[in-house]
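Notes follow the structure.
The values are calculated or read from the model by the stated rules, or taken from the named source; none is laboratory data. Here the structure is a predicted model, which is why all the values come from computation and not from measurement. Every residue, glycine as well, gets a Cβ built from its backbone with ideal geometry; the counts of neighbours run over all protein chains shown.
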Amino acid sequence: MRLKDKVAVVTGGARGIGRAICQRYVLEGARVVVADMAGAPALAAELGHAAIGVTLDVTRQDSIDAMVAEVVGAAGRIDVLVNNAGVFDMGPLLELTRDSYHKIFAVNVEGLLFTLQAVARQMVRQGQGGKIINFASQAGRRGEALVAAYCASKAAVISLTQSAGLALAKQRINVNGIAPGVVDTPMWEHVDAQFARYENLPLGEKKRQVGLAVPYGRMGRPDDMVGAAVFLASEDADYVVAQTLNVDGGNWMS
């Protein structure tokens, strides 16, 4: 019960890593807000009275503001934000389009930043501090030839985490990040299919290769991310500020 009575918003919370975090936060005693484009009410119903489902489009400011207002109206406050919503696209650098670039940055960077801003403003009004956890990626630690825009977006998340962490520390709002490695979620089916197209591989081969390359010996699973998400949301992380924790089976060391 490390998050007993905390109100936690998880964006992209209806599936994958977000879903696993919502499930674990409920077990840790939190009242969880599942915030997603689709599927949020269904997961909230599954989780029971400790969960609220809210439809959220992080690319729209009115949707972000409505989510904050709805959560405060229902639960009275927000103590934790997990900025997990994200999208992926890839392709050769010389074929990168503005539409693909804007789609990635609209969600992964702009959506994350302005959701953080709206929730942080609410936390400042509350005057009791809070915890904000931004999901980056090992892709933000290095470039990839076929993944330029996505890698750049996740590097921006790491940088924003540092800046926001410093900006909000005196308000006792801890901003930190998690950088997963390769994680077996529904998104990876899309990733694998794109690598199959651009690297002329059979479906499933890229996924097999990256799993074997992880020092730990396998791809990550959504449940592998939840321990770090609980820690960074808890009082145990009160003195952790502006850090991005690698949770990747040993892929990246920093």
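Inspect segment 173-181 for any residue being among the hydrophobic types (A, V, I, L, M, F, W, C) and out of contact with any strand residue (DSSP E or B) (no Cβ under 6 Å at 6 or more places or on another chain) and give the result as yes or no.
Checked against the condition, which is being among the hydrophobic types (A, V, I, L, M, F, W, C) and out of contact with any strand residue (DSSP E or B) (no Cβ under 6 Å at 6 or more places or on another chain), segment 173-181 yields no hits at all.
When both residues are 6+ apart or on different chains and their Cβ atoms are under 8 Å apart, which pairs have a first residue that lies in segment 50-74 and is assigned to a strand (DSSP E or B), and a second that is exposed (fewer than 15 other Cβ atoms within 10 Å of the Cβ)?
51/45; 52/74; 53/42; 53/45; 55/38
Here is a list of conditions, (1) without any contact (Cβ under 8 Å) to a residue 40 or more places away in the chain; (2) not in a loop (DSSP other than H, G, I, E, B), and residue 33 meets all of them except one; can you say which number that is?
(1)
Go through (1) in contact with a Lys or Arg (Cβ under 6 Å, 6 or more places away or on another chain); (2) within 19 Å of residue 248 (Cβ to Cβ); (3) of a type in the set (S, T, N, Q) for residue 126 and report which single condition fails.
(2) is the only condition that residue 126 fails.
Can you name every residue in segment 1-19 that is without any contact (Cβ under 8 Å) to a residue 40 or more places away in the chain and not small (Gly, Ala, Ser)?
1, 4, 5
Give the residue that is surrounded by the fewest Cβ atoms within 10 Å (Cβ to Cβ), with candidates limited to residues of segment 88-114 that are among the aliphatic types (A, V, I, L, M) and more than 20 Å from residue 16 (Cβ to Cβ).
Of all residues in segment 88-114, those among the aliphatic types (A, V, I, L, M) come to 90, 93-94, 96, 104, 106-107, 109, 112-113.
Narrowing the set further to residues that are more than 20 Å from residue 16 (Cβ to Cβ) leaves 93-94, 96, 113.
On the way: 93: 11, 94: 5, 96: 15, 113: 18.
Per the criteria, the residue is 94.
If we keep just the residues of segment 20-30 that are touching a residue at least 12 places away in the same chain (Cβ under 8 Å) and either out of contact with any helix residue (DSSP H, G or I) (no Cβ under 6 Å at 6 or more places or on another chain) or assigned to a loop (DSSP other than H, G, I, E, B) (or both), which is surrounded by the fewest Cβ atoms within 10 Å (Cβ to Cβ)? Please lay out each step first, then the result.
Taking segment 20-30 as the starting set, the residues that turn out to be touching a residue at least 12 places away in the same chain (Cβ under 8 Å) are 20-26, 28-30.
Going one step further and asking which of them are either out of contact with any helix residue (DSSP H, G or I) (no Cβ under 6 Å at 6 or more places or on another chain) or assigned to a loop (DSSP other than H, G, I, E, B) (or both), we end up with 22-23, 25, 28-30.
Working: 22: 33, 23: 20, 25: 29, 28: 19, 29: 13, 30: 26.
Filtering segment 20-30 for residues that are touching a residue at least 12 places away in the same chain (Cβ under 8 Å) and either out of contact with any helix residue (DSSP H, G or I) (no Cβ under 6 Å at 6 or more places or on another chain) or assigned to a loop (DSSP other than H, G, I, E, B) (or both), the one surrounded by the fewest Cβ atoms within 10 Å (Cβ to Cβ) comes out as 29.
Is it the case, given these coordinates, that residue 81 is at negative phi and in contact with a strand residue (DSSP E or B) (Cβ under 8 Å, 6 or more places away or on another chain)? First the steps, then the outcome.
Details: at negative phi: yes; in contact with a strand residue (DSSP E or B) (Cβ under 8 Å, 6 or more places away or on another chain): yes.
Yes.
Filter segment 231-248 for residues that are of a type in the set (Gly, Ala, Ser) and either on the phi < 0 side of the Ramachandran plot or in contact with a Lys or Arg (Cβ under 6 Å, 6 or more places away or on another chain) (or both) and give the result.
233, 234, 237
Looking at segment 125-240, what helices (runs of 4 or more DSSP H) fall wholly within it and have at least 2 residues that are of a type in the set (Val, Ile, Thr)?
148-168, 222-233
Is segment 218-240 home to any residue that is under 30 Å from residue 97 (Cβ atoms), without any contact (Cβ under 8 Å) to a residue 40 or more places away in the chain and not acidic (Asp, Glu)?
Scanning segment 218-240, I find at least one residue that is under 30 Å from residue 97 (Cβ atoms), without any contact (Cβ under 8 Å) to a residue 40 or more places away in the chain and not acidic (Asp, Glu), so the answer is yes.
Go through segment 159-202 residue by residue and tally those that are surrounded by fewer than 19 Cβ atoms within 10 Å (Cβ to Cβ), hydrophobic (A, V, I, L, M, F, W, C) and at pLDDT 95 or above.
So the answer is 3.
Any idea which of (1) closer than 19 Å to residue 13 by Cα; (2) of a type in the set (Lys, Arg); (3) without any contact (Cβ under 8 Å) to a residue 40 or more places away in the chain is the one residue 207 doesn't satisfy?
For residue 207, the exception is condition (1).
Test each condition in (1) surrounded by fewer than 16 Cβ atoms within 10 Å (Cβ to Cβ); (2) farther than 19 Å from residue 22 by Cβ; (3) hydrophobic (A, V, I, L, M, F, W, C) for residue 74 and report the one that comes out false.
The one condition residue 74 does not meet is (2).
Kindly list the number of the only condition in (1) assigned to a loop (DSSP other than H, G, I, E, B); (2) of a type in the set (A, V, I, L, M, F, W, C); (3) surrounded by fewer than 17 Cβ atoms within 10 Å (Cβ to Cβ) that fails for residue 85.
Result: residue 85 fails condition (3) only.
Collect the residues in segment 93-108 that are under 11 Å from residue 149 (Cα atoms) and either in contact with a Ser or Thr (Cβ under 8 Å, 6 or more places away or on another chain) or not in a helix (DSSP H, G or I) (or both), keeping them in residue-number order.
96, 97, 104, 105, 108
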